[in-house]
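**Q** Before I ask anything, let me first share the structure, which is written out below as structure tokens.
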Amino acid sequence: MAMCVGIWILLLALHVQGGDGQMVQMDSSKSGFVGSQVELRCIFINSNPPVKISQVTWQKLLNGTKQNVAIANPALGVSVLPPFKERVSFKQVLQRTPSLEDTTIVFSNLQLSDEAAYICEYTTFPAGNRENMVNLTVFARPMTRMTLTTPTIVARAQKRKMTVATCVSANGKPPSVIKWDTRLKGEATFQETRNQNGTVTVRSNYVVVPSRETHKQKLTCIVTYRNEKITDSVVLNVQYEPEVKIEGFDGNWYLNRQNVQLTCRADANPPVTIYQWKLLNGSLPSNVEIKNNTLFFKGPVTYDLAGTYVCDATNGIGTRTGIVDVNITEFPNNPPLGGHEIPQEQNNAGTVIAAIVGGAVVLCVVAILLFIFLRRRQRTFKGDYSTKKHVFGNGYSKAGGLPAHPPIPKNLQYPDDSDDEKKPAQIGGPGGFEASERDFDAEQEDLKRPYFTVDEGESRDYDERTLAFQYDPEPEIADDMISQTDGSVISKKEWYV
């Protein structure tokens, strides 16, 4: 009995020692897309001396349950079991007398149901079983599409929000991320749906208020799946009522003007099919010719053309109206040159230029008047202020003496344009004398000049000379007298009376 126990312990020790030399090499994880091909590697590292491989078995482990996939036996060959028979094969193992050191299998046409953990188990003698495991992940590339909610979007007067486009990333694994790229103001909604096969469908709607501005706007859906980006775009087709305006009246319709017309412009989708013209509170003038969306007024302009013109534009969505008030003037607001009307832009430019030139002229006139005003302020009523003294006579004494000088008039009149030397325009008034009564000889001609000027700095040169005449000193006013502005004086008693 003791001998049997010893033999058992020896065999167990040999088994453990041999087991330390074997190893099954596999990848920890593998992945692939639905429909693709993937290899699951399994290599046996034998000991020295090698152990005998009795069989290799591949098993699928899902939710704690094992399912045989493929078996390789040195004597019986290889066998692949359903449902893997058509899609799984050994890469190196031959059908007969296989070599079992490399038992890598190949999955073809990968399916979502193939996702699981796979065990590669080696049965050896006398070492026993050795195994390892790999996790297989199966990805599903989504189907991405972008569609308009309806082929035609109608802009309603109520201005309600509505879904105009939908972007879908269907049956993806893992789920996708959807974003929108557009200049159109709106908001996006998102929804995820998990399918029974493990895939996820992501849906996003873009919501806007349809209007004329949203027509022909581009919407781009960007789907990000793992490291890939998938884009799809649509252009909105929004139908809306006509936007109407009347062109042609420039505010300058005057009598006898030629070739005037009014045109009804309408922005609409679909295009306008009917244009209707009418004149409020009356009928259209008799000289009007209607062609499509234009009124042509034949002949010269008359007062009969004045009024409020209305254009109704109709398309498949509705009818909208444009209005313009036409008034007739007797004369043009912008007179034509050479018989042609001045374009409004040219007239505006001419107005600006004329305003600039007029402003410059006004500034020049103001500058000239200011100069004259300041110049005249520098002068007294008898001439300019200067440092010269006014001296009557010629400044020289004559032999035999000088005749008595007539009384000097108190008021002398001088022309405004007199220069430094002032000459009286007329001598008269009380105490004066007429020219016919004056009879001076040739030696007294110099006396005809009422005064001449001598610089104050030079006056000392005339000390030894006898001056012909000098201004009489102003009379002294008594203390009880008051001088008046007209040159007269009155007593204080008279002043206070």
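**Q** Taking each pair of different alpha-carbon atoms in region 173-313 once, compute 1/r for the pair, average those values, and report the inverse of that mean as the Kirkwood hydrodynamic radius in Å to one decimal.
**A** Across region 173-313, the inverse of the average 1/r is 19.9 Å.
**Q** Report, by chain and number, residues whose modeled amide H sits under 5 Å from the one on residue 116, excluding near sequence neighbours (fewer than 5 apart, same chain).
**A** Distant-sequence amide H within range of residue 116: 136.
**Q** Ok, one more. 5 Å is the cut-off here: which amide hydrogens, built 1.01 Å from N in the peptide plane, fall below it relative to residue 105, excluding neighbours closer than 5 in sequence?
**A** Those lying under 5 Å, H to H, from residue 105 are 40, 42, 91.
**Q** Of the cross-linked pairs 161/229; 159/185; 30/229; 218/245; 30/52, which ones have a Cα-Cα span greater than 18 Å in the structure shown?
**A** From 161/229; 159/185; 30/229; 218/245; 30/52, over 18 Å: 161/229; 30/229; 218/245; 30/52.
**Q** Which peptide among 168-181, 314-327 comes first, and what is the full order, when sorted by highest mean count of other Cβ atoms within 10 Å?
**A** Top to bottom by mean Cβ count within 10 Å: 168-181, 314-327.
**Q** While we're here: At what distance in angstrom do the alpha carbon centres of region 104-123 and region 184-246 lie from each other?
**A** 41
**Q** Compare the peptides 124-135, 186-197 by average per-residue count of other Cβ atoms within 10 angstrom and give them in order, highest first.
**A** Per-residue Cβ counts within 10 Å, averaged per peptide and sorted highest first, yield 124-135, 186-197.
**Q** Ordered by packing density, taken as the mean number of other Cβ atoms within 10 Å over each peptide's residues, highest first, how do 210-219, 43-52 rank?
**A** 210-219, 43-52
**Q** Rounded to whole Hz and in sequence order, give me ³J(HN,Hα) for region 243-260 from the Karplus expression 6.51 cos²θ - 1.76 cosθ + 1.60, θ = phi - 60°, writing x for Gly and Pro.
**A** Here the 3J(HN,Hα) series is 9, 10, 8, 10, 10, x, 8, 9, x, 9, 8, 10, 4, 6, 5, 10, 6, 9 Hz.
**Q** Could you pull the accessible area for residue 364 with a 1.4 Å probe, rounded to 10 Å²?
**A** 80
**Q** Would you compute, for the Cα atoms of region 218-279, the largest minus smallest coordinate along each principal axis and list the three values in descending order, in whole Å?
**A** Sorted from largest, the Cα extents of region 218-279 read 76, 23, 14 Å.
**Q** In terms of modelled amide H atoms, which long-range or inter-chain residues lie less than 5 Å from the amide H of residue 260?
**A** The list, which skips near neighbours in sequence, is 297.
**Q** Let me ask something else. May I ask you to give the percent of accessible area on region 182-328 that is carbon plus sulfur, with a probe radius of 1.4 Å?
**A** Accessible surface attributable to carbon and sulfur in region 182-328 totals 43 percent.
**Q** Here's a follow-up. Per residue, how much accessible surface does region 206-306 expose to a 1.4 Å probe? Answer in Å², no decimals.
**A** Per residue, region 206-306 has 56 Å² of solvent-accessible surface.
The values are calculated or read from the model by the stated rules, or taken from the named source; none is laboratory data. Please read these numbers as outputs of a predicted model, since none were measured by experiment. So basically every Cβ, Gly included, is an ideal-geometry build from the backbone, and we count neighbours across all protein chains shown. Accessible surface areas use protein heavy atoms only, side chains included; no ligands, DNA or RNA. Shrake-Rupley method; radii C 1.70, N 1.55, O 1.52, S 1.80 Å.
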